[in-house]
Amino acid sequence: MKIGVLSDTHLQRVNPEFKALLKRFFGDCDALIHVGDFTNIAIYEYLKEFMKEKVYAVCGNMDGGELRKILPERQVVDIEGVKLGLIHGWGAPYGIEERIKAVFATEGVRAIIYGHTHNPANHWDSGILFFNPGSPTDRIYASRNTLGILEIDKGKIMGRIVEVGPWKK
């Protein structure tokens, strides 16, 4: 199973550039994860349409009331027998992985997918994959625009960070 991963899109509307990005990088994905800071419900609705409802998502600190009514702040999903913890994250970038790891300490997750920092991460610690796709559309605090791809096969998970080039607003 191939899963596209986004975070921190910070878009106010679905524009042609965003549609092209999804088609180019996620056109062959089986599902999509967005770990918050959509900033507009239209982005979430379009992702569901694009992925034919195969979207797992949580809200972020910049998401308003409409999104907070329909999306949790954290959730655990089981995809192909692999438990994933989804959370946006909070606070300073330093120490974020320790904070989010504590949230899922009793959940038995194999991976924690998070955002907030806008900087990509793809590494293992204590048997858990920490995966942050970065931001494909916003370079505040980050030197490049990125997104992520997760692949799950026979109970194993592997992540990949993809640089998407500079975002044109």
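Answer with yes or no whether HIS88 is touching a Gly at 6+ places or on another chain (Cβ under 7 Å), open to solvent by less than 40 Å² (accessible area, probe 1.4 Å) and either of a type outside the set (A, V, I, L, M) or modelled with pLDDT under 95 (or both). Yes. Residues in the stretch 90-137 that are part of a strand (DSSP E or B), of a type in the set (Val, Ile, Thr) and more than 15 Å from VAL35 (Cβ to Cβ): 1 in all. Of all the criteria given as (1) touching a Lys or Arg at 6+ places or on another chain (Cβ under 9 Å); (2) closer than 19 Å to TRP90 by Cβ; (3) open to solvent by less than 40 Å² (accessible area, probe 1.4 Å), the one not satisfied by VAL76 is (3). Total residues in the stretch 109-126 satisfying the condition of being open to solvent by less than 60 Å² (accessible area, probe 1.4 Å) and closer than 16 Å to ILE152 by Cβ: the figure is 4.
Take the conditions (1) under 22 Å from LEU150 (Cβ atoms); (2) open to solvent by less than 20 Å² (accessible area, probe 1.4 Å); (3) of a type in the set (A, V, I, L, M, F, W, C); MET1 misses just one of them, which is (2). Applying a threshold of 7 Å to beta carbon distances and a minimum spacing of six or more residues, or different chains, the list of pairs starting in the stretch 48-75 at a residue that is in a loop (DSSP other than H, G, I, E, B) and ending at one that is aromatic (Phe, Trp, Tyr) reads ASN61/TRP90; ASP63/PHE38.
The values are calculated or read from the model by the stated rules, or taken from the named source; none is laboratory data. Every value quoted in this text rests on a predicted model; they were computed, and no experiment measured them. No Cβ is skipped: glycine too gets one built from the backbone with ideal geometry, and neighbour counts run over all protein chains shown. Ligands, DNA and RNA are excluded from the accessible area calculation, which covers all protein heavy atoms including side chains. Shrake-Rupley method; radii C 1.70, N 1.55, O 1.52, S 1.80 Å.
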